[in-house]
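What follows is a set of notes on a single structure, which appears directly below.
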Amino acid sequence: MPLGAKNHSYDLVENWAKLPASVQLGYTHWVACDKKDQVYVFNQSKDAVAIFSKDGTFLKSWGAEFAKGAHGMWYSVENGTEYLYLCDYEIPVVAKYTLDGTEVLRLKTPPLPEVYPAGAGYKPTHVCVGPNGDIYTFDGYGKNYIHRYNAKGVHLNSWGGEGEGPGQMKCPHGGCIVVRPGKPAELYVADRANVRVQVFTPEGVHKRFITGQGLQYPCNVYEAHGDVYIPDLFGVVTIWGPDDTLITQLGANPEIPEIGGWPKLAGYPNIPHEQRIPGRFISPHGLGIDSRRDLYVVEWVSDGRITKLAKVAAEQRGAAKS
């Protein structure tokens, strides 16, 4: 039975990731796909950037220095060259790398002494890049700020602070620039502890809040083909259409949701393997989409969890109905 509905139906690909005995992933926090549909999983282990072929075969890894604080990652193609931006909240650092791990840019701590005295308190959780090359870092575990840099790493501006009002946030855990036909670009932010998505102009002017629509504890926001995908820490992946209304939810785990509190499921998120049900999520933290629109979901569990969902083609959906 496929997961999802309508144009967002997926078949579960069980046991997709094939790890050698020498590799043990830690908390899996973000995932991205390159032009070859190779899959990059950012996780807290010595194999922090773990690279898989499209069939799930482990290829290689790099990034042992991120073993403690690996968290946010962004894939970007710039002038034909592919890059990964990595975010570590323990070091802390946000930096740009080639796909084989060569550093090409390191962002400086935001120059805001009134927010970060002597540079202290900066704990970035995610990074994204806009169509014009601007780089955004999300200080979700520090001071609840968003920082904007240009493509050369020059700081442009910052906004935020803890709170519930417009422009204020409680754990801006991640986000992305959303560009839709005929509409201006907007920055969507997963304002996690406020259980909402907050929308800004690319320069940081507050525009609106989005609440409800299946949100429980949104970890991040990812846009593809006009739709918005939200990995939600409370056991579900939520998909919105071009008007930001709910299309469907994937892998919903009825034992986990606890809006306004913390899940009461014993051991959450590190529940025993015998209680982990294929196709039912525990703690979605990041996701990526390949060229075939297959979906990869990684979860916040101590030994890592990667789920591949293969997009069901339109003709297959039609055959299933007939």
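Residue pairs whose Cβ atoms lie under 9 Å apart, sitting 6 or more positions apart in sequence or on different chains, and linking a residue in region 264-275 that is modelled with pLDDT of 90 or more to a partner that is not in a loop (DSSP other than H, G, I, E, B), are 267/275; 269/299. Output yes when any residue across region 107-115 is among the hydrophobic types (A, V, I, L, M, F, W, C), open to solvent by 70 Å² or more (accessible area, probe 1.4 Å) and not in a strand (DSSP E or B), and no when none is. No, there is no match, as no residue in region 107-115 is among the hydrophobic types (A, V, I, L, M, F, W, C), open to solvent by 70 Å² or more (accessible area, probe 1.4 Å) and not in a strand (DSSP E or B). Within the option set 285, 225, being under 30 Å from residue 185 (Cα atoms) and open to solvent by 60 Å² or more (accessible area, probe 1.4 Å) holds for one residue only, 225. For region 146-168, the count of residues that are of a type in the set (Lys, Arg), out of contact with any strand residue (DSSP E or B) (no Cβ under 6 Å at 6 or more places or on another chain) and buried (at least 17 other Cβ atoms within 10 Å of the Cβ) is zero. Of all the strands (runs of 3 or more DSSP E) wholly in region 264-318, which have at least 2 residues that are hydrophobic (A, V, I, L, M, F, W, C) and within 20 Å of residue 47 (Cα to Cα)? Correct list: 295-299.
Restricting region 120-135 to residues that are over 17 Å from residue 83 (Cβ atoms) and either hydroxyl-bearing (Ser, Thr, Tyr) or part of a strand (DSSP E or B) (or both) leaves a set whose member that is nearest to the chain's Cα centre (by Cα) is 125.
Would you tally the residues in region 57-83 being within 20 Å of the chain's Cα centre (by Cα), outside any strand (DSSP E or B) and surrounded by fewer than 16 Cβ atoms within 10 Å (Cβ to Cβ)? The number of residues fulfilling the criteria is 1. In region 38-49, the count of residues that are assigned to a loop (DSSP other than H, G, I, E, B), open to solvent by less than 60 Å² (accessible area, probe 1.4 Å), modelled with pLDDT of 95 or more and closer than 24 Å to residue 151 by Cβ is zero. Evaluating residue 141 against the criteria (1) of a type outside the set (A, V, I, L, M); (2) open to solvent by less than 50 Å² (accessible area, probe 1.4 Å); (3) part of a loop (DSSP other than H, G, I, E, B) leaves one unmet condition, (2).
Is it the case that region 25-36 has a residue that's in contact (Cβ under 8 Å) with a residue 60 or more places away in the chain, outside any loop (DSSP other than H, G, I, E, B) and surrounded by fewer than 18 Cβ atoms within 10 Å (Cβ to Cβ)? No, that holds for no residue.
Pairing each residue of region 90-101 that is hydroxyl-bearing (Ser, Thr, Tyr) with any residue that is open to solvent by 30 Å² or more (accessible area, probe 1.4 Å) and part of a strand (DSSP E or B), provided the two are 6+ apart or on different chains, yields C-beta distances under 7 Å for 97/83; 97/103; 97/104; 98/83; 98/104.
The values are calculated or read from the model by the stated rules, or taken from the named source; none is laboratory data. Worth saying up front: this structure is predicted, and the values here are computed from it rather than measured. Neighbour counts run over all protein chains shown; Cβ positions are idealised from the backbone, glycine included. Calculation scope for accessible area: heavy atoms of the full protein, side chains included, ligands and nucleic acids excluded. Shrake-Rupley method; radii C 1.70, N 1.55, O 1.52, S 1.80 Å.
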